[in-house]
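Report on the structure given below.
Please treat every number below as a calculation from the coordinates, not as lab data. These numbers were taken from a predicted model, which means no experiment stands behind them. Cβ sites come from the backbone with ideal geometry, for glycine too, and all protein chains shown count toward neighbours.
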Amino acid sequence: MTTNASPESPLPSIASQSRNGKIARLPQLIREQLNRRLDDGEPGAGLLEWLNALPAVQAVLAAEFGGSRINAQNLSNWRKGGYQHWLKQQERRILVRELTENAEELAADAGGVEISNHLSAVLVAELMESARDSLATLTDPAERCARMQEFLHALARVRREDYLAGRLAIDRERRARARAAEEEEDERRKECARNWEPMRRQIKRSHMADLYAQPDFTSQAMATQDAESLLRDVKLDPSGAVGSVAPDQAQSN
């Protein structure tokens, strides 16, 4: 039967340390500062004095460890566990940054061409050279046939990956063209709407003027409705003046 390790005992693993260790129970910011100071090579005595003097550390120790101070054994356990985990994490972060920077430089050097295309060409050339050198030393027909089959299988895999990469590039380009076409169509519709509104108002004014010119009451009423509709669309300018949209005939009636 397994038992929980005490706060003072060496911790068997990083996972158990993260559950039970004094330092592991401290706030993340303090653990980060401790790891960086360890990385800078600060001696343990100074680190213990610094840790035990922090109010946040004292609060955790009082709440979870009966006020027992962090000692040299606790710090040693952390060096072997949590600190090693932190070092590996820093290495991973550095590696990711380096890969990102290298990828950006390689993409710039490739001039817009997929780097995988260059690599595929290099691999095929290496495969051809290897096949030529290998077959040149083989005289047994069975061995030559077996070796040729190996090279053919390898070449088939490379060509299959090239085909899949080509399909992916085509699909990506097709989606890009579709998005560009949609954006262009949206802009065209917006432009048509902007151009149509003044034309619509002009047509409505012309129709209203024709109705006002008619002597019958029905035409006059329809012209008035058109005028009211146009007036509802009029916006006040900063001075508060309203531009009249009705023709001179409307003012005379």
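Points to keep in mind about this one:
- Among residues that are surrounded by 13 or more Cβ atoms within 10 Å (Cβ to Cβ) and not aliphatic (A, V, I, L, M), GLU42 is included.
- Contact map, the stretch 145-159: residues that are in a helix (DSSP H, G or I) paired with residues that are of a type in the set (Val, Ile, Thr), Cβ distance under 9 Å, separation 6+ or inter-chain. Pairs shown: LEU155/VAL124; VAL158/VAL124; ARG159/VAL124.
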